1. Compute the distribution of all C-alpha to C-alpha distances in the range 174-329, in bins of 5 Å from 0, and list the percent of pairs in each, rounded to whole numbers.
2. Obtain the radius of gyration and the Kirkwood radius of the range 130-185 from its C-alpha atoms and give Rg over Rh.
3. Could you give each residue of the range 162-171 its phi-based ³J(HN,Hα) in whole Hz, using Karplus coefficients 6.51, -1.76, 1.60 with θ = phi - 60°, and x for Gly or Pro?
4. Taking the Cα centre as origin and putting +1 on Lys and Arg beta-carbons and -1 on Asp and Glu beta-carbons, what dipole magnitude results for the chain, to the nearest 20 debye?
5. Can you figure out the FRET efficiency of GLN298 with GLU114, using R₀ = 25 Å and their beta-carbon distance, to the nearest 0.05?
6. Please list the non-local residues whose amide H lies under 5 Å from the amide H of VAL198, H modeled 1.01 Å from N, same-chain partners needing a gap of 5 or more.
7. Tell me the volume per residue, in Å³, of the convex hull enclosing the alpha carbons of the range 151-250.
8. Using a 7 Å offset from the Cα along the Cα-to-Cβ direction at both ASP315 and HIS328, what is the distance between the two label points in nm, to one decimal?
Amino acid sequence: MKKLFVKIIAAAMAVTLLTVPLSGCRRDDDRDGYTVGILQHFAHPALDAAIEGFISGMADEGFIEGENITFIKHNAVGDMGNSNMMAGLLVEADVDLLLGVSTPSSQSMRNATEDIPIVFTAITDPIAAGLAATAERPGSNLTGMSDWYPVTYQFEFLLELFPDTQTIGILYNSGEANSVVQANRAAEAAAEMGLAYVRRTVTGTVDVPQMASALANDVDVIFVPTCNTVAQAMPAAVNSASALGVPIISADPGGVAGGAIASKGLDYYVLGRETAVMAAQILRGEADPATMPVQWLQQITIAFNLTTANELGIDFPASILDTATVPHS
């Protein structure tokens with residue numbers, strides 16, 4: 001197996017982000033069913049889909065919302081300080097299990113408790129992120145699903161779409177462990193395939209349009225790994241790059257909805273459903289996170305944004321478009 005893998009906002013604002021009031025979440029002796037705390041780093045189609053898939057998968061496992069399980073959903077709106085605070089609130093709510101959606105959310109949960117089981121999803125490299133000792137035996141109260149997918153496969157897809165590509169741009173947030181891992185792998189893959197590459201980093205969404213524009217001046221195609229920050233600002237990145245005639249390929253199929261011209265990667269709804277299977281086993285006492293191996297999704301999604309393609313004057317042949325696994329945007 002391959003080894004894988006901004007400030008606390010006002011308290012009043014944080015409270016408004018809680019889907020369920022904290023007073024209604026505390027465990028007591030009379031509470032029926034289970035309670036699962038969910039923390040996502042920000043609203044984004046891929047992360048939203050993972051949560052939807054998780055709740056659906058939990059229902060299939062017999063844990064039905066409103067009947068025998070309650071989900072407390074928190075959104076950190078992209079702020080790490082807020083993420084840490086919300087993770088603490090979930091722990092204080094005495095939930096039965098925690099779901100961390102993305103690397104930052106899972107890291108916040110890890111720092112908040114060593115006792116409550118944590119299942120993560122949409123994590124590229126849980127080992128590099130400090131969430132698991134090894135993939136085979138995580139070693140603590142965390143385990144879950146990785147969204148790792150070989151960058152080489154994505155670059156092969158990129159070259160199929162744009163065979164004249166000589167230089168690939170890599171755009172990511174240098175402060176996200178998940179993104180750094182993927183960017184490093186992308187650079188290695190480019191070198192192995194005889195392609196030149198240019199890396200540009202951002203520290204927040206405000207940097208994305210400028211960096212996308214700067215990158216577009218130097219490359220043929222821009223590749224965006226599953227980076228939370230760039231994903232949140234994908235429409236702005238696409239606008240900047242498209243103004244210079246450069247397409248963006250997203251590792252995350254959800255990026256296509258934001259304007260990326262194409263993607264070959266994982267279906268995050270399915271990823272969420274598979275994560276639910278692991279969570280259900282833990283809640284039923286059938287598995288222990290410390291010894292439950294990290295899992296990877298096998299199903300791949302291919303998506304195209306024909307609106308962006310038309311704006312760039314790109315006409316993909318039917319033989320390529322027919323490989324899409326989801327309707328064209």
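1. Calculated P(r), rounded to whole percents: 2, 9, 15, 18, 18, 15, 9, 6, 4, 2, 1, 0.
2. 1.10
3. After applying 6.51 cos²θ - 1.76 cosθ + 1.60, I find 10, x, 8, 5, 10, 10, 9, x, 10, 10 Hz.
4. For this selection, approximately 660 debye.
5. Efficiency, from the Cβ-Cβ distance: 0.20.
6. For VAL198, whose amide H was placed from the backbone, the distant partners under 5 Å are ILE168, GLY169, ILE170.
7. About 75 Å³ per residue, rounded to a whole number.
8. For ASP315 paired with HIS328, the spin-label model returns 1.2 nm.
Quick note: the coordinates plus some simple rules give every number you see, no bench work behind them. Just so it is clear, the model here is predicted, and its values are computed rather than measured. Don't worry about glycine lacking a Cβ; one is built from the backbone with ideal geometry, like all the others, and counts go over all protein chains shown.
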